[in-house]
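Each value in this text was obtained by applying a stated rule to the coordinates, not by laboratory testing. A quick note: this is a predicted structure, and the numbers were derived from the prediction, not measured. Ideal geometry is used to build each Cβ from the backbone, glycine not excepted, and the neighbour counts take in all protein chains shown.
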Amino acid sequence: MNREDAIAGIEKYFDQGLFYNDLARRIAIPSTSQDADKRPALYDYLEKEIGPSLQKIGYQTSIFENPDPNGGPLLIAERHEGEGLPTVLTYGHGDVVRGHEGKWRDGRSPWVLEKEGDRWYGRGTADNKGQHSINMAALAQVIETRGHLGFNSRILIETSEETGSSGLREFCASHRGALTADVLLGSDGPRVSPDAPTLFMGTRGAINFKLSINLRDGGHHSGNWGGLLSSASIRLANAISSIVDKKGRILIDELKPAEILASVRKALKNCPIDGGDNAPEIDPDWGEPGLSPAEKVFAWNSFEVLAMQAGDPQKVVNAVPPNATAWCQIRFTADRDPNTFLPAIRKHLDKQGFNDIMVGQDGNDFMMQATRLLPDHPWVKWAAASVETTLKKAPVLLPNLGGSLPNDVFSDVIGMPTIWIPHSYAACSQHAPNEHVLASIMREGLQIMTGLFWDMGSGTTPQNTN
């Protein structure tokens with residue numbers, strides 16, 4: 001039995017509907033981490049579905065409580081085949097966002113997997129049950145075809161990713177010995193376009209914070225006091241416009257990347273940005289001028305105002321607003337320390353005469369670190385060659401994704417190279433009603449991962465390069 005047999009086997013598994021059946025069982029478990037009353041489903045997903053599925057193919061599994069009482073349980077699975085073999089860590093998350101029941105098209109339930117042409121609808125199909133199900137199936141196929149993996153496999157499934165991966169960093173630090181590996185092969189996020197297999201090796205970071213102003217207690221009649229009292233909404237709007245201009249260009253140098261490395265520019269040259277059907281049209285003049293769309297989203301920082309409020313939008317009155325708040329976010333690349341951003345904004349606002357604008361975070365704001373692995377790393381070259389062998393076309397290589405994941409837990413806390421192979425696309429409606437995956441990408445993902453895991457056990461890996 002050889003590599004081609006393994007890939008033919010995984011194609012048969014998909015074409016006969018067996019993958020659909022496995023995924024349907026997992027979608028049916030309403031394991032949202034955003035609703036406290038669904039917490040038992042987080043345990044059900046690990047104890048009744050993932051654990052038994054991995055035990056059937058020779059994994060030892062353990063379920064752990066989260067060190068953060070607000071976080072959900074975590075599962076570690078291991079199949080150890082021998083000393084001196086490469087060890088691979090695979091990650092996924094079994095929690096999903098709220099189902100948004102009653103808001104899906106055609107009366108669909110978020111907890112029932114349903115086909116419509118190339119689309120499979122259901123909560124978690126793209127984020128992330130479908131993606132880690134592909135990787136689990138590929139591991140099982142290699143074991144079935146070869147009789148063994150040829151490497152040591154460790155799997156981590158958490159259930160708190162959709163609430164900021166609470167407790168994950170502490171858990172991985174305390175269980176580092178059980179999770180250490182030569183490389184992480186994970187799957188999450190979208191391809192750069194539906195027909196372009198993609199590898200990304202890190203993520204942009206994200207920091208959420210607030211800009212707010214509180215000028216006085218209560219509003220005052222805009223006829224009697226308009227033109228006499230400073231307006232909180234106008235002050236805040238002008239403060240924001242001093243940070244980012246009308247076309248989204250960041251105006252504070254400390255909030256921008258120091259540079260775009262030549263190797264990153266080379267990797268992003270001719271990189272497509274295509275969200276697929278129903279994706280929004282890119283605004284070519286938005287953001288940093290002189291950059292390609294790929295450079296803007298993968299190699300540059302962005303400043304966003306996620307929400308704003310002044311006065312009472314539900315019951316508007318003719319009064320000068322006394323206070324206003326903007327909920328903001330910076331997405332940033334790996335060469336900037338996010339701890340410097342808020343002090344830089346504070347210094348800038350003071351210099352611009354906006355000392356009445358408050359800058360800060362509260363307990364609901366979050367920060368994810370940025371990570372990056374360059375495309376010339378030996379593990380990246382190895383993985384890209386494997387994908388090209390399987391599909392007869394080279395994958396797109398991204399030093400980092402535009403979005404954020406807890407990748408620094410693996411790259412920094414545990415300490416290993418990280419490679420992500422996404423099995424979704426940008427217009428999949430994740431986090432919204434009508435979440436779906438494309439069957440064509442699922443099938444191709446199964447081929448890719450089966451080839452990768454087959455090659456991992458073939459003795460050709462760049463061991464000990466992390």
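For this structure, a couple of remarks:
- Global geometry of the range 11-86, whether rounded, prolate or oblate, following the gyration tensor of its Cα atoms and the 1.5 cut on a/c: oblate
- Of the complete DSSP H runs in the chain, those spanning 24 angstrom or more by Cα along the long axis with a mean Kyte-Doolittle score not below -0.5 are 129-146, 439-456.
- Value of Rg to Rh for the range 101-230, rounded to two decimals, is 1.19; Kirkwood radius and Rg both from alpha-carbon coordinates.
- Debye log10 I(q)/I(0) for the chain, one point scatterer per Cα, at q = 0.06, 0.07 Å⁻¹: -0.29, -0.39
- Where a label projected 7 Å from the Cα of residue 216 along Cα→Cβ would reach, residues of the range 234-274 with amide N under 18 Å: 234-236
- Spin-label pair residue 337/residue 60, simplified geometry with 7 Å Cα→Cβ offset, distance in nm: 4.2
- Ranked 95, 356, criterion: other C-beta atoms within 10 Å, fewest first: 356, 95
- Only Cα pairs under 8 Å and 6+ residues apart enter the sum, and on that basis the relative contact order of the range 318-436 stands at 20 percent.
- Gain on full extension, evaluated as 0.36 nm per residue between residue 281 and residue 391 minus their Cα-Cα distance, stands at 36.7 nm.
- Filter on 269/347; 246/269; 315/351; 38/315; 269/392; 129/269 - keep pairs with C-alpha separation over 24 Å: 269/347; 246/269; 315/351; 38/315; 129/269
- With the alpha-carbon atoms of the range 106-145 aligned to their principal axes, the span from lowest to highest coordinate is 41, 19, 12 Å, starting with the largest.
- Listing 308, 416, 442, 449 from fewest to most neighbouring C-beta atoms within 10 Å gives 308, 416, 442, 449.
- Maximal additional length on extending the residue 44-residue 347 stretch stands at 104.1 nm, based on 0.36 nm per residue less the C-alpha distance.
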